[in-house]
1. Conditions first: (1) in a helix (DSSP H, G or I); (2) touching a residue at least 40 places away in the same chain (Cβ under 8 Å). B:Asp220 passes all but one, so which condition is the exception?
2. Residues that are free of Cβ contacts under 8 Å to residues at least 40 places away in the same chain and closer than 29 Å to A:Gly90 by Cβ: does the stretch A:255-268 have at least one?
3. Here are some conditions: (1) over 19 Å from A:Ile417 (Cα atoms); (2) outside any helix (DSSP H, G or I); (3) more than 10 Å from chain B (Cβ to nearest Cβ). A:Asp141 meets all but one. Which one does it not meet?
4. Quick one: which strands (runs of 3 or more DSSP E) sit completely within the stretch A:488-574 and have at least 3 residues that are under 27 Å from A:Tyr31 (Cβ atoms) and in contact (Cβ under 8 Å) with a residue 12 or more places away in the chain?
5. Go through (1) more than 10 Å from chain B (Cβ to nearest Cβ); (2) in contact with a His (Cβ under 6 Å, 6 or more places away or on another chain); (3) surrounded by fewer than 23 Cβ atoms within 10 Å (Cβ to Cβ) for A:Pro108 and report which single condition fails.
6. Which one is surrounded by the most Cβ atoms within 10 Å (Cβ to Cβ), of the residues in the stretch B:520-545 that are within 10 Å of B:Asp480 (Cβ to Cβ) and of a type in the set (A, V, I, L, M)?
7. Is it the case that B:Lys248 is at pLDDT below 90 and within 30 Å of B:Gly403 (Cβ to Cβ)?
Number of protein chains: 2
Amino acid sequence: MRFSRLFCYTLKEAPKDAVTPSHIYLIRGGYIKQVAAGIYDFAPLGKIVLDNIRDIIKKEMDNSGAQEVMLSFITPYELWEETGRAKKYGDELLRIEDRKGNKFVLSPTNEESVVDLVRSYVKSYKQLPINLYQINLKFRDEARPRFGLLRGREFIMKDAYSFHKDEEDLDREFNLMEETYKKIFSKMGLDFRVVEADSGAIGGSGSKEFMVLANTGEDDIVVCSKCDYAANIEVAKRKTIKKENPIKTETIEEVYTPNKKTIEEVCEFLGIDPFFSIKAVVKKAIFDDKEEIVVFFVRGTDTLEETKAKNAIGAIDLADASEEEIKKAGLVPGFIGPFGIPSNIKYVIDDDLRMAEELVCGANKKDYHIKGAGLLDANLLGNLTIYRDIAAVKEGDLCPKCGKPLKITKGIEVGHIFKLGDVYSKPMNATFLDENGKAKPFIMGCYGIGVSRLIAAAIEQNHDDKGIIWPKEIAPFVVDIIIGDVKKENQVKFAENLYEKLKNENIKVLLDDRKERFGVKINDFELLGFPYAVIVGKKLKDGIVEIRDRRSDEKIEVKSNEVFDFLKEKLKKD
Amino acid sequence: MRFSRLFCYTLKEAPKDAVTPSHIYLIRGGYIKQVAAGIYDFAPLGKIVLDNIRDIIKKEMDNSGAQEVMLSFITPYELWEETGRAKKYGDELLRIEDRKGNKFVLSPTNEESVVDLVRSYVKSYKQLPINLYQINLKFRDEARPRFGLLRGREFIMKDAYSFHKDEEDLDREFNLMEETYKKIFSKMGLDFRVVEADSGAIGGSGSKEFMVLANTGEDDIVVCSKCDYAANIEVAKRKTIKKENPIKTETIEEVYTPNKKTIEEVCEFLGIDPFFSIKAVVKKAIFDDKEEIVVFFVRGTDTLEETKAKNAIGAIDLADASEEEIKKAGLVPGFIGPFGIPSNIKYVIDDDLRMAEELVCGANKKDYHIKGAGLLDANLLGNLTIYRDIAAVKEGDLCPKCGKPLKITKGIEVGHIFKLGDVYSKPMNATFLDENGKAKPFIMGCYGIGVSRLIAAAIEQNHDDKGIIWPKEIAPFVVDIIIGDVKKENQVKFAENLYEKLKNENIKVLLDDRKERFGVKINDFELLGFPYAVIVGKKLKDGIVEIRDRRSDEKIEVKSNEVFDFLKEKLKKD
């Protein structure tokens, strides 16, 4: 492609709402253009990157034995009623009506559609397993679309759905998909981790996420400094630390702690290690049919992990509770503890506190705390006491597998694979006849990749302060031949010739033949992020051209008559 | 691909609402599955055909210099207000609201979107010409979705939009696109015609349609029996026939024609050649802001062409007028004529009647006609008399180019190219600076191909009473190796070996390794429409396999050790 004909116009200024590098550079590089909040047009360069990613995914999915389909984007509302998601899904599901008043939704995901497709054809275990995938449009009406392609409303997703006769076969496919995903993200040249993950709104019995590591990631990932343990903080585990409190109390006693409300204040006041205190976190839990005040108790040195907390009580969401709401529920802000808590209040205690003794906690009474409390002392607690893993793993906690320190790093979720079981097939009455002629619901898995999001994730991981640094495999062009001065006939002739030769080798090459200053061309090369530039400039008359490596910033002078072979060799190696 | 693993299940019965061959066979063959009226899932076979078509289109569009983009499917309503189409488009445009009440539309076409994209980057004539295309989802909320993929609501369209500095450059691109389209449809192995066409709702100054010839087509195409003239009946022209009426009347006179209302009745009653009569067709014309009764006058031997009629008066649509509505407007059904017609009635006279004389027509009075009327006699007509080409060309009319007889054939519109001019750029204030630094609106063209519709059109043209007969270029598989009896080891071994060898040659091959009877496999081969079958059956033990040609139904016995080379040769030739 000739740059002079390419529909690509770079901008000097970043849009005001763009804060992440991928958002800034995709807009400045003219890869995409915002149409509305979270909705983008893809200009030619953006489309090429998208297709590169799509091709890699398609090839590996086909190799795995999955078959590509195209499910309708507009799906009937009735299908969503069969699983109950018509109501449960919330406002991200955009519900629409056609001219005749029939109700539809814009597909945010396609479990219902694919179950409907499969149940109409598949009747016997002999037809299983099946894995159907698509690379298709999705729409989620995000409350706060942001960060460009990272959290858009209209986006491209690869979604696959597998159908099995039993859990064992699902496990096999789940592992196959994990391997397939590893191949896909490796081929794209991305640094990623596979982590244990929460199954969230999709449901099911197990899931793993694929995280592209990047400082700007929205997800916290817990990784072991030694072994291969890795998990999203939403589900990360740690080794329980057992420590004995050096301070022993004979009995449980109330102590006067005037105006000491935070863990720090109380522990300092009483001269106690915060490890031996209980922190109360009050939330307003939102359920399908009600809202309720719930108290979560964790160690004074821990923080509450909200996804764990939500799952512990089966809530749809957790919101902050106001001081007024806390008081109205009968609680005393700053002095809440598990002992003597009002009997109508639901509360959950972190697993790590299960056998803990000699603790300090709120006395549920203004200006008083309790000392020497032990959670073994069951009769002090209400009947509803439940223990769950609700604390957030923190840097320095110990690996649940090998006991070595854990680290926390940032990641961008680009893939998620789920064991769904019969969560969708059962309510949709999608069954097959097993070996004994008995009808059973399909056992399902589902496997997603954020295709357009991958463009952004790749940039978040691969950029500098000048622009994008594309991994070669997904770059829109791999070589950018820059003509230093298009008025110089020798430069034009040499560049054109090299351009044709590289094209004939199926190398993705751009010829910057624009009537622009050299500085403009180099800036665009750096902003747009092509892996290599060949600079055909003044030194050509001495038989020299320069090759620039965008990632290393290395500048190599090469004899002009050797540059073609040099590039061919280099592209093979790198 | 092995048939035993392919997600494809054929059906014996056609769905009740399926009447066209493509609809019947696509559903029976398991290529697609209906989700809702005019909305379909594409199963793997359907997706492969779609991709084959997409690949051919992409390759030729890229070769032509057009650049692929991906415009958003959800587009802001405000863009559609800029051109006025937000209101004008009618109910096919599905208007939706997001969770915040912002208004959007589901893209039925993307003129507004692409103008918005281009105006934000292109400021100078130096950046022109540009041709941007996409192969993307569209939605039109058709009042009567029907015929499967022929008239769906959700569908895939290739839409391209070009931008130019003047009409001359648009003409060049328009011709380039015509040539590109010819290459595309030729490569697909389709028999098609390029015809003059109506520009319809898109607007602009000229357009051509690409019609796949098929008996089941919805469009009537007028083609010359001699020269290359071809046009959609909506715009087809003919040579005006000049005949003199042998019966001469001295003066215009009213004649009593009791109860003679039709042309046939009147002409028989008066002993007159219907060629010398005027037929009145009354319609209710629907405009942006009103409805109105309009009378169209054509020769007694002609019929009204509704699209021509609609365009003649600039109406959005024409509906039938009830007898009551006709009477209410002051007209006398069965006796309507141009002379003495109520002065408030708008009427249009066909061009062919412009100089005609000695005619019979209604007298606007019950049971009376007029004889000897001449349309030269202007003072007999109202002031509003307009002449337009509103008659439908019929079989046997004469070619406007060469004068030879015209024929009428049926076609399916699969492509349409338009000269838009500034119809969209002007209202959207999308301008560039020309050579003199003067701001001018872009001169535009647009170019559509019905991508998913092409699947159906190909079948309408290529089928028999057993099923589909795919053109090789778009067939999901070109060779279907049928194992006669999977229990016979020699058959399985031979077939597997041939399958691997053909795959290695990049031949699209399916191995029917299912545990099904031979008859089932042959029926599926015929229904699914693969170009060739290789039958590995009983004769294999004598060193013979059979090759079947789906189109010619030819059966060729080939020595088993020569079949690979034979097929390679055959696929190269055909």
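1. With respect to (1) in a helix (DSSP H, G or I); (2) touching a residue at least 40 places away in the same chain (Cβ under 8 Å), B:Asp220 is out only on (1).
2. no
3. For A:Asp141, the exception is condition (3).
4. A:509-512, A:532-536, A:544-549
5. The single condition A:Pro108 does not satisfy is (2).
6. Here the answer is B:Val534.
7. yes
Let's see how each residue does on (1) without any contact (Cβ under 8 Å) to a residue 40 or more places away in the chain; (2) within 27 Å of A:Ala43 (Cβ to Cβ); (3) assigned by TED's automatic domain parsing to the domain that holds B:Gly445; (4) surrounded by fewer than 23 Cβ atoms within 10 Å (Cβ to Cβ):
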site	(1), (2), (3), (4)
B:Arg99	yes, no, yes, yes
B:Gln127	no, yes, yes, yes
B:Leu132	no, yes, yes, no
B:Tyr161	no, yes, yes, no
B:Asp166	no, yes, yes, yes
B:Lys187	no, no, yes, yes
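The values are calculated or read from the model by the stated rules, or taken from the named source; none is laboratory data. In this text the structure is predicted, and so the values were computed from the model without any measurement. Neighbour counts are summed over all protein chains in view; Cβ atoms, including those assigned to glycine, are modelled from backbone coordinates with ideal geometry.
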